[in-house]
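Structure, as structure tokens:
The values are calculated or read from the model by the stated rules, or taken from the named source; none is laboratory data. None of these values were measured; they are calculated from a predicted model. Virtual Cβ from ideal backbone geometry, glycine too; neighbours counted across all protein chains shown. Note: areas computed on protein heavy atoms with side chains; ligands, DNA, RNA excluded. Shrake-Rupley method; radii C 1.70, N 1.55, O 1.52, S 1.80 Å.
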Amino acid sequence: MSTWLDDVFGVRKPVIAMLHLLALPGDPGFDTASGIRAVVDRAKAELAELQDGGVDGVMISNEFSLPYLTKTEPITAITMARVIGELLGDLSVPYGVNVLWDGRASIDLAVATGAQWVREIFTGVYASDFGLWDTNVGEVARHRHRIGGANVKLLFNIVPESATYLAGRDLGSIAKTTVFATKPDALCVSGLTAGAATDAQALRVVKDNAGGVPVFVNTGVRADNAADQLAIADGAIVGTYFKQDGVFENRAEAARVRELMGAVKDFRATL
């Protein structure tokens, strides 16, 4: 069955690489001595590694804005827009954005920079490491319409990292009602944290209840499990594995990208 993934990526089972920006102004970890230039320079270098390694798409996020806010300060998306503006001339693959953990700001950034999708927590209420986490998908959907973002695809992370769904509902029911009531463009299934393995059973439950909505495996994809995960999911989002030694804090390197993408291409050849 054809989906919007075919139109955007032109391949079966696309792999979207995370481009993690260094801490930004306002973040506790921001390097004021090196400034924005260091953020841009590292982003450019990592983008080159990811694209040279053969990824199908890139998603740019403020991953090092730890600890995260559920409603970000304006400086975050403003700075990300500046950084992405400097990357546009180098981008040769489809790209999306993610302002952690703020769906409205993510959509604003996508519209401002021409990004084709965003990933965020758009539904549910959670107890999380960042406090009580509430959402209002109806408000966000109307905001997207109001600012001319109807073409921005929304990837819903329905198994958030570092959080627990407060209602006593099973994952299959959550997936089914999310699809029916909130019209996501894709669903993302995650492990406990960035880089943590996604439970294959949870991935299967979401896929079985998603109807025609694409499902992404959102964390923990490696060269040695990519085929198994993509046998269930419609695509993968990969960050940590692409980094030197597979360490979250390190820079992306093309050799690790080629390794995983080689396994993915071998799997695609069997489809």
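Quick check on residue 194: is it modelled with pLDDT under 95 and closer than 20 Å to residue 95 by Cα?
Criteria met by residue 194.
Determine which single condition residue 170 fails, assuming it passes every other condition in (1) at pLDDT below 95; (2) within 23 Å of residue 58 (Cα to Cα).
Against the list (1) at pLDDT below 95; (2) within 23 Å of residue 58 (Cα to Cα), residue 170 comes up short only on (2).
Within region 250-264, work out how many residues are open to solvent by 40 Å² or more (accessible area, probe 1.4 Å) and either touching a residue at least 12 places away in the same chain (Cβ under 8 Å) or under 14 Å from residue 56 (Cβ atoms) (or both).
Here the count works out to 6.
Tell me yes or no: at least one residue of region 199-219 is surrounded by 22 or more Cβ atoms within 10 Å (Cβ to Cβ), within 14 Å of the chain's Cα centre (by Cα), aliphatic (A, V, I, L, M) and under 23 Å from residue 8 (Cα atoms).
Scanning region 199-219, I find at least one residue that is surrounded by 22 or more Cβ atoms within 10 Å (Cβ to Cβ), within 14 Å of the chain's Cα centre (by Cα), aliphatic (A, V, I, L, M) and under 23 Å from residue 8 (Cα atoms), so the answer is yes.
On the basis of being crowded, with 16+ Cβ neighbours inside 10 Å, among the β-branched types (Val, Ile, Thr) and without any contact (Cβ under 8 Å) to a residue 60 or more places away in the chain, does residue 247 make the cut?
Judged against the criteria, residue 247 is not a match.
Output yes when any residue across region 122-145 is open to solvent by 40 Å² or more (accessible area, probe 1.4 Å), in contact with a Leu (Cβ under 9 Å, 6 or more places away or on another chain), among the basic types (Lys, Arg) and in a helix (DSSP H, G or I), and no when none is.
yes
Would you check if there is a residue in region 64-74 being on the phi > 0 side of the Ramachandran plot, open to solvent by 10 Å² or more (accessible area, probe 1.4 Å) and either part of a loop (DSSP other than H, G, I, E, B) or in contact with a Pro (Cβ under 6 Å, 6 or more places away or on another chain) (or both)?
no
Conditions: (1) at pLDDT 95 or above; (2) among the hydrophobic types (A, V, I, L, M, F, W, C); (3) part of a loop (DSSP other than H, G, I, E, B). Residue 159 meets all but one. Number of the miss?
Result: residue 159 passes all but (1).
Within region 105-140, track down each residue that is among the aromatic types (Phe, Trp, Tyr) and touching a strand residue (DSSP E or B) at 6+ places or on another chain (Cβ under 7 Å).
Of everything in region 105-140, those that are among the aromatic types (Phe, Trp, Tyr) and touching a strand residue (DSSP E or B) at 6+ places or on another chain (Cβ under 7 Å) turn out to be 117, 122, 126, 133.
Can you tell me which residues in region 63-110 are in contact with a Lys or Arg (Cβ under 8 Å, 6 or more places away or on another chain), farther than 21 Å from residue 27 by Cα and among the aliphatic types (A, V, I, L, M)?
87
Considering only residues that are surrounded by fewer than 22 Cβ atoms within 10 Å (Cβ to Cβ) and of a type outside the set (A, V, I, L, M, F, W, C), which ones fall in region 80-98?
82, 85, 86, 89, 90, 92, 94
Here's a check for you: in region 222-239, which residue that is in contact (Cβ under 8 Å) with a residue 60 or more places away in the chain and within 17 Å of residue 159 (Cβ to Cβ) is surrounded by the fewest Cβ atoms within 10 Å (Cβ to Cβ)?
It comes out as 234.
Could you check residue 173 against (1) open to solvent by less than 50 Å² (accessible area, probe 1.4 Å); (2) over 17 Å from the mean Cα position of the chain (by Cα); (3) at positive phi and say which number it fails?
(3) is the only condition that residue 173 fails.
If I ask for residues that are under 13 Å from residue 214 (Cβ atoms), part of a loop (DSSP other than H, G, I, E, B) and open to solvent by less than 10 Å² (accessible area, probe 1.4 Å), which ones from region 1-57 would you list?
14
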